[in-house]
1. Would the range 91-107 turn up any residue that is in contact (Cβ under 8 Å) with a residue 40 or more places away in the chain and not β-branched (Val, Ile, Thr)?
2. Return the residue satisfying two criteria in turn: it lies in the range 46-78 and is among the β-branched types (Val, Ile, Thr) and surrounded by 17 or more Cβ atoms within 10 Å (Cβ to Cβ), and of such residues it is farthest from ASN30 (Cα to Cα).
3. Looking at the range 92-137, which of the residues that are surrounded by 15 or more Cβ atoms within 10 Å (Cβ to Cβ) and among the aliphatic types (A, V, I, L, M) is nearest to the chain's Cα centre (by Cα)?
4. Just to be sure I understand, how many residues within the range 86-137 are in contact with a Gly (Cβ under 8 Å, 6 or more places away or on another chain) and farther than 23 Å from ILE61 by Cβ?
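Just so it is clear, none of the values below were taken in a lab; they were calculated from the coordinates. Bear in mind that the values here come from a model prediction, so they are computed numbers and not experimental data. Cβ atoms come from the backbone with ideal geometry, glycine included; neighbour counts cover every protein chain shown.
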Amino acid sequence: MTKLILPIFLPLLLAAACTEKGAKNDWSENRQRMEVQGQKLLGEAREALARQDFETATQKIETMRRTCNLALDARQAGILLMDSVNIQETVFEMFRIDSLLSANAEDSLVLAPRLEECGEKIKFYRRKLEHDRRPGR
């Protein structure tokens, strides 16, 4: 029985697979093009982040999200990269506030709450990063 079913269904299965692939050919090319463009923008965002240029990094990620709507892998990586930008930007702000506190003890009433707020932001962004890294997201 198996010897009869295999020769009949194998060509039908191959025909169906080839037909479906041809139907999504245009979509696949668009997605590939957008993935390349999205990865390029993410590379530029990573370079900006390495320079601690948080504004440019954020702009590159936002541009990728607007212009590369089919680049699903790049968009997922962009979410994680944006989480990293937010964490590093908050850490940078925290160090800046800490150095201001060291220089001006009299400003501690104003700066101490901002320092605490930065600590809470870092906790939030780290939890968000862990959430965004989970499989199935």
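1. Yes, the range 91-107 has at least one match.
2. THR58
3. It comes out as LEU129.
4. Adding up the residues that qualify gives 0.
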